[in-house]
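A.B. asks: One structure is given below, represented as structure tokens, and several questions about it will come after.
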Amino acid sequence: MKSTTINVQHLIALGLALAAFATTPVVRADAVTDWNANTEQAIFTAAQGPPVQGRFLAIVHAAIFDAVNGIQRKYTPYFVAEWGPRGASADAAAAQAAYTALVSLYPTQKATFDTQLANSLAKIPGNRGRSRSIERGRTWGEQVANQILAWRATDGFTTPLPDYFGSSTPGVWRSPPAGTNADGTLPAIFPQNAVLVPFAMTSHDQFRPGPPPALTSALYAADLNEVKAIGRFNSAIRTPEQTQLALLWQAVGPASENHAIRPVIESLIESRCQRLKLVDTARIFALINIVGEDATIAGFDSKYAYNLWRPYHAVRLADTDGNPATEADPTWDALFVAPRHQEYMSNHAVITTAIMNTLADLIGDDHTFTLSAPGYPGFTWTFNRFSDAAAQVIEARIWAGIHYRFSCNVGAAQGMKLSNYVLDNFLLPLRDYDDDDDHDGHDDHDNGHGHDDNGHGHKKGHH
């Protein structure tokens with residue numbers, strides 16, 4: 001039978017290839033938001049998919065945070081425990097840390113980063129006189145980034161792992177047919193994400209949930225029948241709007257979520273009521289990207305621990321699941337082909353919930369923002385609350401026909417737990433911080449030596 005399933009992977013690949021030329025100009029508010037936008041551009045230029053975007057964002061923003069916080073000294077350090085030199089420019093440190101990380105992560109884009117660094121430095125007062133403050137900031141930012149890069153170089157991201165093909169046992173994942181590849185003949189992708197060294201979690205399985213419901217349970221039958229009806233490629237009950245939203249969320253990854261919330265942060269930077277300092281902005285982006293990447297790790301850990309089959313096989317082979325409340329449909333297809341990895345738990349649910357809960361805790365839930373994705377151009381969605389996005393992604397994955405509701409609900413619950421854990425334990429306010437003295441400036445008489453950590457934060461090698 002000729003499949004009529006929408007080839008979203010092709011659309012995403014096409015959109016990513018064009019993304020560098022199709023990005024909408026944005027207002028730049030400070031060095032952190034500048035380099036968040038630069039990182040987003042680098043990700044789309046490299047055509048990186050959602051499962052790997054989070055690691056790169058977390059590395060860049062961890063470097064930016066420790067570089068800025070080492071000078072402005074408002075929060076516990078993340079990884080680099082020593083303080084930066086007094087009199088160093090925090091703006092220069094942020095730019096140099098991001099630049100150093102990005103050149104290491106995307107060496108073929110160095111020329112672009114060179115231009116972006118020059119633009120950042122040109123905005124800093126005193127740059128024409130080759131300020132010692134700027135030079136100190138750049139030296140410190142590079143030092144911080146290199147320490148974080150050295151740590152992450154051995155995190156397992158590039159370690160080859162054995163292929164996992166699943167099996168024909170009822171309930172166990174296997175790959176769907178693709179092109180000339182028959183059913184079950186392709187390995188699951190991104191196994192390294194399941195065992196990657198976390199950014200904040202104590203281990204990759206710290207937030208592993210309990211097992212999915214048994215195939216013979218009433219919950220499994222109810223959720224399978226729901227996705228079978230509304231997630232079918234030609235579903236009669238899924239609305240056109242739900243179809244568009246399902247396609248939009250499939251193209252959304254951590255970079256798109258950063259893009260969506262960046263204008264919110266920029267408005268707070270300029271707000272007279274809640275003007276954020278550079279270190280505050282650095283902390284927000286570090287936390288959402290640390291929690292987003294650890295949510296990715298937690299999601300893949302669960303997938304490879306339980307290896308549950310996707311609705312594609314569950315519906316087609318329902319006569320083998322031992323559940324009298326399910327009925328096989330050997331011609332069933334989802335709205336689009338699911339990503340080639342296991343079902344439980346939903347990555348989108350755990351990642352988006354973790355990011356949105358973190359934002360709601362840091363700046364409040366009630367903010368208007370618009371979600372878009374270069375891989376699915378022409379359709380956007382505007383939310384009035386961060387929590388609304390977390391709620392919608394659950395439905396969107398079911399409308400798409402690629403997840404059961406229990407996978408999404410469990411993902412959301414674990415994302416909430418992970419977010420709260422990170423908020424309770426990382427980048428905490430220092431009790432002795434003086435908000436009137438940001439320790440960033442033009443003290444060119446300081447001897448440039450850093451200050452020892454005084455017991456706050458997480459030491460190098462903590463992870």
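A.B. asks: Please go through (1) assigned to a loop (DSSP other than H, G, I, E, B); (2) within 30 Å of Val422 (Cβ to Cβ); (3) in contact with a Phe, Trp or Tyr (Cβ under 6 Å, 6 or more places away or on another chain) for Arg238 and return the number of the only condition it doesn't satisfy.
C.D. replies: Unmet for Arg238, out of (1) assigned to a loop (DSSP other than H, G, I, E, B); (2) within 30 Å of Val422 (Cβ to Cβ); (3) in contact with a Phe, Trp or Tyr (Cβ under 6 Å, 6 or more places away or on another chain): (2).
A.B. asks: When the residues of the range 109-122 are narrowed to those that are farther than 16 Å from Glu135 by Cβ and touching a helix residue (DSSP H, G or I) at 6+ places or on another chain (Cβ under 9 Å), which ends up least open to solvent (accessible area, probe 1.4 Å)?
C.D. replies: Ranking the candidates gives Phe113 first.
A.B. asks: Another question, then. Go through the range 312-331 and count every residue that is open to solvent by 30 Å² or more (accessible area, probe 1.4 Å) and assigned to a helix (DSSP H, G or I). Can you show your working first?
C.D. replies: As a first pass, look at the range 312-331 and keep what is open to solvent by 30 Å² or more (accessible area, probe 1.4 Å): 312, 316-317, 319-320, 322, 324-325, 327-331.
Narrowing further to those that are assigned to a helix (DSSP H, G or I): 312, 316, 319-320.
Adding up the residues that qualify gives 4.
A.B. asks: For Leu196, which of the numbered conditions (1) closer than 25 Å to Thr326 by Cβ; (2) touching a residue at least 60 places away in the same chain (Cβ under 8 Å) fails to hold?
C.D. replies: Tallying (1) closer than 25 Å to Thr326 by Cβ; (2) touching a residue at least 60 places away in the same chain (Cβ under 8 Å), Leu196 fails exactly one: (1).
A.B. asks: Residues of the range 146-193 being among the hydroxyl-bearing types (Ser, Thr, Tyr) and open to solvent by 30 Å² or more (accessible area, probe 1.4 Å), which ones? Let's see the steps before the verdict.
C.D. replies: Kept after step one, since they are among the hydroxyl-bearing types (Ser, Thr, Tyr), are these residues of the range 146-193: 154, 158-159, 164, 167-169, 175, 180, 185.
Across the range 146-193, the qualifying residues are Thr154, Thr158, Thr159, Tyr164, Ser167, Ser168, Thr169, Thr180, Thr185.
A.B. asks: Does any residue of the range 326-339 turn out to be small (Gly, Ala, Ser) and in contact with a Ser or Thr (Cβ under 6 Å, 6 or more places away or on another chain)? It would help to see each step written out before you state the result.
C.D. replies: Step one: of the range 326-339, the residues small (Gly, Ala, Ser) are 328, 334, 338.
If we keep only those that are in contact with a Ser or Thr (Cβ under 6 Å, 6 or more places away or on another chain) as well, we get none.
Taking every residue of the range 326-339 in turn, none turns out to be small (Gly, Ala, Ser) and in contact with a Ser or Thr (Cβ under 6 Å, 6 or more places away or on another chain).
A.B. asks: Among the residues of the range 64-78, which ones are aromatic (Phe, Trp, Tyr) and either open to solvent by 10 Å² or more (accessible area, probe 1.4 Å) or in a helix (DSSP H, G or I) (or both)? Let's see the steps before the verdict.
C.D. replies: First, pick out the residues of the range 64-78 that are aromatic (Phe, Trp, Tyr): 65, 75, 78.
Those that are aromatic (Phe, Trp, Tyr) and either open to solvent by 10 Å² or more (accessible area, probe 1.4 Å) or in a helix (DSSP H, G or I) (or both): Phe65, Tyr75.
A.B. asks: In the range 290-311, which residues are among the charged types (D, E, K, R) and open to solvent by 10 Å² or more (accessible area, probe 1.4 Å)? Before the answer, list the steps.
C.D. replies: Taking the range 290-311 first, the residues among the charged types (D, E, K, R) are 293-294, 301, 303, 310.
The answer is Arg310, and nothing else.
A.B. asks: If I ask for residues that are open to solvent by 30 Å² or more (accessible area, probe 1.4 Å) and either in a helix (DSSP H, G or I) or free of Cβ contacts under 8 Å to residues at least 40 places away in the same chain (or both), which ones from the range 275-289 would you list?
C.D. replies: Kept after step one, since they are open to solvent by 30 Å² or more (accessible area, probe 1.4 Å), are these residues of the range 275-289: 275, 277, 283.
Listed by number, the residues that qualify are Arg275, Arg283.
A.B. asks: Another question, then. I'm checking my understanding of the structure. Among residues of the range 194-211 that are open to solvent by less than 30 Å² (accessible area, probe 1.4 Å) and of a type outside the set (A, V, I, L, M, F, W, C), which one is nearest to the chain's Cα centre (by Cα)? Don't jump to the end; show me each part of the working.
C.D. replies: The initial filter retains those residues of the range 194-211 that are open to solvent by less than 30 Å² (accessible area, probe 1.4 Å), namely 194, 196, 198-201, 207, 209.
Restricting the remaining residues to those that are of a type outside the set (A, V, I, L, M, F, W, C) gives 198, 209.
Details: Pro198: 13, Pro209: 20 Å.
It comes out as Pro198.
A.B. asks: Now, a different point. For the range 79-102, enumerate the residues that are assigned to a helix (DSSP H, G or I), more than 20 Å from Arg152 (Cα to Cα) and open to solvent by 10 Å² or more (accessible area, probe 1.4 Å).
C.D. replies: Asp91
A.B. asks: Select from the range 262-274 the residues that are surrounded by fewer than 24 Cβ atoms within 10 Å (Cβ to Cβ), in contact (Cβ under 8 Å) with a residue 12 or more places away in the chain and among the hydrophobic types (A, V, I, L, M, F, W, C) and list them in ascending order.
C.D. replies: Residues satisfying the conditions are Val264, Leu268, Ile269.
A.B. asks: Between a first residue in the range 326-355 that is at negative phi and a second residue that is surrounded by 24 or more Cβ atoms within 10 Å (Cβ to Cβ) and charged (D, E, K, R), which pairs have beta carbons less than 6 Å apart while being 6 or more apart in sequence or on different chains?
C.D. replies: As it stands, the answer is Ala338/Arg310; His341/Lys303; Gln342/Lys303; Glu343/Arg310; Ser346/Arg397; His348/Arg397; Ile355/Glu257, since those pairs meet every condition given.
A.B. asks: I've got another one for you. Quick check on Ala305: is it more than 18 Å from the chain's Cα centre (by Cα), hydrophobic (A, V, I, L, M, F, W, C) and part of a loop (DSSP other than H, G, I, E, B)?
C.D. replies: Answer is no for this residue.
A.B. asks: Does Ala46 satisfy being within 30 Å of Phe300 (Cα to Cα), surrounded by fewer than 19 Cβ atoms within 10 Å (Cβ to Cβ), modelled with pLDDT of 95 or more and not basic (Lys, Arg)?
C.D. replies: Here the answer is yes, as Ala46 does meet what is asked.
The values are calculated or read from the model by the stated rules, or taken from the named source; none is laboratory data. Keep in mind it's a predicted model, so treat the numbers as computed, not measured. Neighbour counts are summed over all protein chains in view; Cβ atoms, including those assigned to glycine, are modelled from backbone coordinates with ideal geometry. The area values use the complete protein model at the heavy-atom level, side chains included, leaving out ligands, DNA and RNA. Shrake-Rupley method; radii C 1.70, N 1.55, O 1.52, S 1.80 Å.
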